[in-house]
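For reference, the structure discussed in these notes is given below.
The values are calculated or read from the model by the stated rules, or taken from the named source; none is laboratory data. Only a predicted model underlies this, so the values are computations on that prediction, with no experimental measurement involved. For neighbour counting, all protein chains shown are included, and Cβ atoms are generated from backbone atoms with ideal geometry for every residue, glycine included.
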Protein chains: 2
Amino acid sequence: MSYYALNYSMRKKYEELLKLYKESLIVEEIAMLLYWDKDVTMPSGGLKQRAEQMAFIAELEHKKKINPRKGELLQQILEHPDYENLSDLEKRNVFLIQREYNKLVKVPPDFVGEFQKYCVLATEAWEKAKEKSDFTIFLPKLEKMIEYNKKYAQFLNPDADPYEVLLDYFESGMTIEKCDQIFNPLKKASIPLIEKCLSSTTKLDMSILNRSCPLDIQKKVNFDVLELIEFDLERGRLDEYVHPFTTGNYDDVRITTQYFEKDILSALLSIMHEGGHGSYEQNVGKNSHYQPVGMYCSEGMHEGIARFYENFIGRSPEFWKSYLKRFKELTENIFADVSLDNLVLAVNNVEHSAVRTEADELTYNLHIILRYELERDLLNGKIEAKNLPQIWNRKTKELIGYEVKNDAEGVLQDIHWSCELMGYFPNYTLGNIFGAQLYAKFKKDTPNWQKELERGNLNIIIDWLKENVLEKGNLFDPFELVKEVTEEEVSSKYLIDYHKEKFSKIYDLN
Amino acid sequence: MSYYALNYSMRKKYEELLKLYKESLIVEEIAMLLYWDKDVTMPSGGLKQRAEQMAFIAELEHKKKINPRKGELLQQILEHPDYENLSDLEKRNVFLIQREYNKLVKVPPDFVGEFQKYCVLATEAWEKAKEKSDFTIFLPKLEKMIEYNKKYAQFLNPDADPYEVLLDYFESGMTIEKCDQIFNPLKKASIPLIEKCLSSTTKLDMSILNRSCPLDIQKKVNFDVLELIEFDLERGRLDEYVHPFTTGNYDDVRITTQYFEKDILSALLSIMHEGGHGSYEQNVGKNSHYQPVGMYCSEGMHEGIARFYENFIGRSPEFWKSYLKRFKELTENIFADVSLDNLVLAVNNVEHSAVRTEADELTYNLHIILRYELERDLLNGKIEAKNLPQIWNRKTKELIGYEVKNDAEGVLQDIHWSCELMGYFPNYTLGNIFGAQLYAKFKKDTPNWQKELERGNLNIIIDWLKENVLEKGNLFDPFELVKEVTEEEVSSKYLIDYHKEKFSKIYDLN
């Protein structure tokens, strides 16, 4: 057999493998649409029908991902004498398909369908429970969800701690130990810093910002912000949903948000966050769509980008220095008398708060660490679901200093445990850590960053993100990507330093 | 082997067959959502991605429908000694699955996917062409679509006339001969009746009805009408699209319509039509969902029901006698001075018109017969696509007496040839014929029908339709269903008589 013949057979196999990958991604796109439509456009009566459709597609997606032909091709490619002649990008594609295949081949497809079907019912129960602020409505579903999570973890690795298995599922290489290593210093630094901010003499006047602002004006502001951060509305859309989320990919990316008449900043920061997710998807892996390297890097990195837009842009004094004038114009001068200092303070209003999604940057990570510790203990049986409200409230008091008033603002505030695997929450704080390290590098790379941002040139930071993160897709694992870009190992020190510097300035500490 | 063991094995096979059927219907539901979303909610940039998703699902749906396991089960069931012990309903289920299977097994799945992908592009070209009123934009796509139609027909039956194959595809048992038998008397009766109406001294004053009416008021009226005809908005929704359509089934049925500021009656009649389609789907085959008998009877019957709501209700003097007052209230008295006679005349305004969907009841069927003759000749090569605009315009003049001004209102007015198989159009008129025969029977069954309808009791007709048609699902083929309900063979005489009686009265003929 000649060299060329060999090479040709390798090429064929590689192309077939990528074709199979593309097929499973198309099924995933369809799954995303079913999900989006369920929340945004579906008539309520359609839920039972939709649950069956989603279960069918989840099972199909799973089947496609573990297509036995993939297994054959992977083996043939990896053992092929020409394997070494593949480019690095091609090798990465093969590696990523293999990693996913090896992971998922352990989970039976009918279990995936059953789990998916149950998620729809659990989400419905969660919605009702939250509406009535009654945890007991959700409890039986949650208990079952915990069982499903454990079972899922057991399929993946029957010998390991189930929570650790799920951590690794979302973020390759993550362990409980690694979480503790990264989270503990952050927790240690955040708690006293929060106390300092709270006892500072610098005080926020929220009376202006809590003025009523009609939703159509808020929508106008949100669409303006989306344009600023270059979210392309020809290739995406914005709708309303009670629990903001982003879904879709490439040329069809869909964001949702929630408006509150008396809290314009809530929707604005939420749109920055979801817009960040959305921009990631619209710019990811340019030129390698429908290949594994043309996908986002990891869940943590996705959250990192979203929180980068929300915090490092949306909560920065630099952004508001340039945007405040336009903000006042767009809101028809409802907020004409708000000062820059007061606005910056408002978006960085440190407080003992109930709700994660509305928390300030500092407290936010404590909300995550709380969930991390609860998930971990729920899965290893140290605590029971039925006791969750009490434990939730006690730990909120201890960690965040907030006295929870009811289950709706407490243990029922997040949708996650009703529709996703547990082990996802840590990615939010991991994302903050990735983000801070990337942000520090951006500043180092861009000496005039402050001046540029202050004059409203957001391109300077968005282009940097595109080039260094978004367009790289999944060429690197997240910890490697951060190292590749910043030339340092991932550490929480950048986030801790950033917090200290930013909040000391805003709250006039020392 | 004992009787019970045999019976058990039969039961198992039957249940497996129905499970496979249900699976293909779930895939069809997903296909319908992809289609609806493309037209109603998808950002424009997503089209290429969506085309791939739709092609994938169309291919999957086809694969599911011709799953070889179905073939095996069908054979085993039909040859099983216990086959005769199945109930009539069960036998009908087996028969319907077999008929579909035998039909579709002849079409290769990759052809279906390729065709589906092309349809998306053809629809896009049609939209552009219609917008610019330029047939040449659509022509190359149409030529290819004709090839696809011929190929499709050839797969189904290589020896028969392709158009005849497609007619039978949509309406089992339909032939060119049968069409001619039904359409020719109708054509013969309609043309002189139209001329009589046009030369009548009874004249319509459209100046009032063409008053500008804000779209939000029109929407209010449309939602009111949907409630009247018992379209359930908990299990359905209404949106806008340039070419009104209905999609979905059972508990998730979606209607679209188009509003014109200066033509409130257009949207109102369109919502009656689509609402009729929607009600069919919401009420179809009660207690037998996800079984073949729990589906609509045929394409022609679906159109028949839609046009039943639109014409026999929405264009009836009886309906307007009760609804006019409410109509005036809802439209905030914009139409306060319109008389009942003038309104009835407006919804029955016979004219030499360009556009099928806005045509009066009489002329409508001539629009269909025109399309029928063109489709037939396009597929058997008697005419060429490139000559279509001229032929269209000439025939419109001959049959309908209208001088077509441009391609947008002429050959490009309908979406069908860009996204469906040819051979569908005749179903509209067939539906009118079914409807008229059913309507006559309803009147016979309900001596006080006129009084009840005049006092706004629409239930009397809707309940009759539910019981006699909608809830029967697909227990009978369409011609048999009409015969079962009306105790007579299908004939165009009821439609012809209805036309004569109604228009003689409205236009004061004799």
Exercise. Restricted to segment B:27-47, and to residues that are within 7 Å of chain A (Cβ to nearest Cβ) and not hydrophobic (A, V, I, L, M, F, W, C), which residue is surrounded by the most Cβ atoms within 10 Å (Cβ to Cβ)?
Worked result: B:G46
Exercise. Of the residues A:K502, A:K466, which is buried (at least 18 other Cβ atoms within 10 Å of the Cβ), among the charged types (D, E, K, R) and under 20 Å from the mean Cα position of the chain (by Cα)?
Worked result: A:K466
For this session: Among the residues of segment B:231-244, write down those that are buried (at least 16 other Cβ atoms within 10 Å of the Cβ) and more than 14 Å from every other protein chain (Cβ to nearest Cβ).
Result: B:H243, B:P244
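Yes/no matrix, rows are residues, columns are (1) modelled with pLDDT under 95; (2) under 30 Å from A:F335 (Cβ atoms):
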{"position": "A:N349", "(1), (2)": "yes, yes"}
{"position": "A:E358", "(1), (2)": "yes, yes"}
{"position": "A:I368", "(1), (2)": "no, no"}
{"position": "A:L374", "(1), (2)": "no, no"}
{"position": "A:L378", "(1), (2)": "no, no"}
{"position": "A:G381", "(1), (2)": "yes, no"}
{"position": "A:W392", "(1), (2)": "no, no"}
{"position": "A:L412", "(1), (2)": "no, no"}
Seminar exercise, completed: Checked pairs for segment B:75-91, first under 23 Å from B:N287 (Cβ atoms), second among the basic types (K, R) and surrounded by 11 or more Cβ atoms within 10 Å (Cβ to Cβ), C-beta under 7 Å and 6 or more apart or across chains, list as B:I77/B:K13
Seminar exercise, completed: Just one listed residue, out of B:A354, B:A346, B:A408, is surrounded by fewer than 22 Cβ atoms within 10 Å (Cβ to Cβ), outside any loop (DSSP other than H, G, I, E, B) and touching a residue at least 12 places away in the same chain (Cβ under 8 Å), and it is B:A346
Exercise. For residues in segment A:54-106 being more than 29 Å from B:M54 (Cα to Cα) and in a loop (DSSP other than H, G, I, E, B), which is nearest to the chain's Cα centre (by Cα)?
Worked result: A:K106
Problem set entry | When residues of segment A:405-421 are limited to those that are in contact with a Phe, Trp or Tyr (Cβ under 7 Å, 6 or more places away or on another chain) and hydrophobic (A, V, I, L, M, F, W, C), the one farthest from A:F115 (Cα to Cα) | A:V411
For this session: Taking the residues in segment B:245-265 that are touching a strand residue (DSSP E or B) at 6+ places or on another chain (Cβ under 9 Å) and more than 14 Å from chain A (Cβ to nearest Cβ) as candidates, determine which candidate is farthest from B:V338 (Cα to Cα).
Result: B:F245
Problem set entry | Failed item in (1) crowded, with 19+ Cβ neighbours inside 10 Å; (2) outside any helix (DSSP H, G or I), with B:A436 passing the rest | (2)
Seminar exercise, completed: Selection from segment A:21-34 of residues out of contact with any Phe, Trp or Tyr (no Cβ under 6 Å at 6 or more places or on another chain) and closer than 20 Å to B:E23 by Cβ yields A:E23, A:S24, A:V27, A:E28, A:I30, A:A31, A:L33, A:L34
Exercise. Regarding B:H273, is this residue touching a strand residue (DSSP E or B) at 6+ places or on another chain (Cβ under 9 Å), closer than 26 Å to B:G473 by Cα and away from chain A (no Cβ under 14 Å)?
Worked result: yes
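Conditions (1) over 30 Å from A:E240 (Cα atoms); (2) touching a Gly at 6+ places or on another chain (Cβ under 7 Å); (3) not charged (D, E, K, R), marked per residue:
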| site | (1), (2), (3) |
| --- | --- |
| A:L20 | yes, no, yes |
| A:Y35 | no, no, yes |
| A:E61 | no, no, no |
| A:I66 | yes, no, yes |
| A:D88 | yes, no, no |
| A:I97 | yes, no, yes |
| A:E100 | yes, no, no |
Seminar exercise, completed: The condition of being surrounded by 15 or more Cβ atoms within 10 Å (Cβ to Cβ) and not assigned by TED's automatic domain parsing to the domain that holds A:K382 holds, among A:N102, A:N93, only for A:N93
Exercise. For segment B:106-120, what are the residues that are over 15 Å from B:F56 (Cβ atoms) and surrounded by 16 or more Cβ atoms within 10 Å (Cβ to Cβ)?
Worked result: B:V107
For this session: Look at segment B:304-326 and say how many of its residues are buried (at least 24 other Cβ atoms within 10 Å of the Cβ) and either not assigned by TED's automatic domain parsing to the domain that holds B:H277 or not in a helix (DSSP H, G or I) (or both).
Result: 1
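Any residue in segment B:3-23 that is within 10 Å of another protein chain (Cβ to nearest Cβ) and either in a helix (DSSP H, G or I) or out of contact with any helix residue (DSSP H, G or I) (no Cβ under 9 Å at 6 or more places or on another chain) (or both)?
Within segment B:3-23, one or more residues are within 10 Å of another protein chain (Cβ to nearest Cβ) and either in a helix (DSSP H, G or I) or out of contact with any helix residue (DSSP H, G or I) (no Cβ under 9 Å at 6 or more places or on another chain) (or both).
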Seminar exercise, completed: Taking segment A:165-200 and keeping residues surrounded by fewer than 20 Cβ atoms within 10 Å (Cβ to Cβ), part of a helix (DSSP H, G or I) and among the small types (G, A, S) leaves A:A189
Exercise. Looking at (1) buried (at least 19 other Cβ atoms within 10 Å of the Cβ); (2) touching a helix residue (DSSP H, G or I) at 6+ places or on another chain (Cβ under 8 Å), can you tell me which one A:I383 breaks?
Worked result: (1)
For this session: Would you tally the residues in segment A:327-348 being within 25 Å of A:Y507 (Cβ to Cβ) and either outside the structural domain of A:L265 (by TED's automatic domain parsing) or in contact with a helix residue (DSSP H, G or I) (Cβ under 8 Å, 6 or more places away or on another chain) (or both)?
Result: 10
For this session: Those residues that are away from every other protein chain (no Cβ under 14 Å) and not polar (S, T, N, Q), I need them from segment B:217-229; list them, please.
Result: B:I217, B:K219, B:K220, B:V221, B:D224, B:V225, B:E227, B:L228, B:I229
Problem set entry | Enumeration of residues in segment B:150-164 that are touching a residue at least 24 places away in the same chain (Cβ under 8 Å) and in a helix (DSSP H, G or I) | B:K150, B:K151, B:Y152, B:A153, B:F155, B:L156, B:P162, B:Y163
Problem set entry | Odd one out for A:K141, checked against (1) part of a helix (DSSP H, G or I); (2) modelled with pLDDT under 95; (3) buried (at least 16 other Cβ atoms within 10 Å of the Cβ) | (2)
For this session: Evaluate the following for B:S270: is it small (G, A, S), under 30 Å from B:W36 (Cα atoms) and touching a residue at least 40 places away in the same chain (Cβ under 8 Å)?
Result: yes
Exercise. Can you pull out the residues in segment B:357-380 that are within 16 Å of the chain's Cα centre (by Cα), in a helix (DSSP H, G or I) and not β-branched (V, I, T)?
Worked result: B:E358, B:E361, B:Y364, B:N365, B:H367, B:R371, B:Y372
Exercise. (1) within 14 Å of another protein chain (Cβ to nearest Cβ); (2) over 23 Å from A:Y241 (Cα atoms); (3) buried (at least 17 other Cβ atoms within 10 Å of the Cβ): which one isn't true of A:A51, the others all being true?
Worked result: (2)
